[in-house]
Amino acid sequence: MNHGRLWSLLLAGAVGSVVAGASLSDEPPTSFVILELYTSQGCSSCPPADEFLTELANAEPGKLPFMSGRSAELIPLGLHVDYWDYLGWKDQMADPTFTQRQRDYARSRRKSMIYTPQMIVQGQVFAVGSNRAAIKAAIGALDGTKPFDLIASDVVSGDGTSSLDISMDPAGGVFAKGRELDVFYFRYHANPKEVDVMAGENRNRKISYANVVTDLRYLGSWEPSGTFTGTISSWSGRDDRERELIVLQQKGFGVIVGASFLN
């Protein structure tokens, strides 16, 4: 195996670390609020929520009034579900993995129904995706994620296929000891995508989608007093439009407590 690249990432970094020669304003954020919008191109109620997510994704960091005084920054994510595809328009951005994540959230709260558009804020506040007031209030009230360190290395095998190995050192002083966290990998397109919907409930509409998630994987569980290793198999690299994110979440689809970008 050849290790093509190695990143030592402090992007959600160690508390108090400063890059030499950089002002505090130049440093990357260390705390985030994660938004998950469950949406579908085949849902007539979804475009207002999609528009709101796009506004949040395009907002200049620190300029949102309801984030005033907060050091945390937003990471809005669009997850397209597949359960409306039968209505006459197949959502090409949909993935059953995203639908399953929404179902898992519902089951964890003993709910039998899922719906679109639904916004989940930091894994703990659930709202209709177009309810701007409720979502803004949740964003302003919730704590951001805590910082942690991780290392990611690109591994190329003999047959030319690549994988991405993830490791994290003990962080028992940051996260609650004895409480396992689930580790998730997200990949999303940072550039907006416009879609001409030709059939279904949104037929003849052009809709813009932001931060569309294209890959979501469960990497395993981590007890922060120990180390963690995980592998993203069949990793295809990334282009300038894509972002990759590691998310730490309390077991059972609880509160999101950590997040770190890989790029």
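Every number here is computed from the coordinates shown, using simple stated rules; none is lab data. Predicted model, so just to flag it, every value in this text is computed and none were measured. Glycine also receives a Cβ, built like all others from the backbone with ideal geometry; neighbour counts cover every protein chain displayed.
Ignoring lysines fewer than eight residues from K63 along the same chain, the ones with Cα atoms less than 20 angstrom from its Cα are K136.
For the chain, modelled as a GNM whose springs connect Cα atoms under 10 angstrom apart, the maximal fluctuation among T231, T39, T145 occurs at T231. Dipole size of region 70-190 about its Cα centre, with +1 on Lys/Arg Cβ and -1 on Asp/Glu Cβ: approximately 840 debye, rounded to the nearest 20. Sort region 110-225 into rounded, prolate or oblate with this rule: let a ≥ b ≥ c be the square roots of the eigenvalues of the Cα gyration tensor; rounded if a/c is under 1.5, and if a/c is not under 1.5, prolate when a/b is larger than b/c, oblate otherwise. The shape class here is oblate.
Comparing S68, G220, V174 along the charge dipole axis of region 68-222, the residue lying farthest to the positive side is S68, per the Cβ-charge model. Using only the Cα atoms of region 172-239, build the gyration tensor, take square roots of its eigenvalues as a ≥ b ≥ c, and label the shape rounded, prolate or oblate: rounded if a/c is under 1.5, else prolate if a/b is larger than b/c, else oblate. Prolate is the answer for region 172-239, as a/c is 1.5 or above and a/b outweighs b/c. For region 59-188, calculate the relative contact order in percent as a whole number, restricting contacts to Cα pairs under 8 Å that are 6 or more residues apart. Once normalised by length, the contact order is 15 percent.
List the relative contact order of region 37-118 as a percent without decimals, with contacts defined as Cα pairs under 8 Å and 6+ residues apart.
43 percent
For the chain, no complete DSSP H run has alpha carbons reaching 20 Å or more along its own long axis together with a mean Kyte-Doolittle score of -0.5 or higher. A P(r) calculated from all alpha carbon pairs of the chain, with 10 Å bins opening at zero, reads 7, 29, 35, 23, 6, 0 percent.
For the chain, a Gaussian network of Cα nodes joined below 10 Å ranks G252, G144, G123 by mean-square fluctuation, and the top entry is G252.
Of all lysines in the structure, the ones whose alpha carbon falls short of 21 Å from that of K177, not counting any fewer than 8 places away in one chain, are K146, K251. Oblate is the label for region 87-167. Its Cα gyration tensor axes, ordered a ≥ b ≥ c, give a/c of at least 1.5 and b/c at or above a/b.
Between R110 and I151, what is the spin-label point distance in nm, taking each point 7 Å from the Cα along the Cα→C-beta axis? Computed distance between label sites R110 and I151 equals 4.5 nm. Dividing the mean sequence gap of close Cα pairs (under 8 Å, 6+ apart) by how many residues the chain holds gives a relative contact order of 25 percent.
Using just the Cα positions, wrap region 49-128 in a convex hull and report its mean projected area in square nanometres, one decimal place.
Values: hull surface 25.2 nm².
In nm², the orientation-averaged hull projection of region 49-128 is 6.3.
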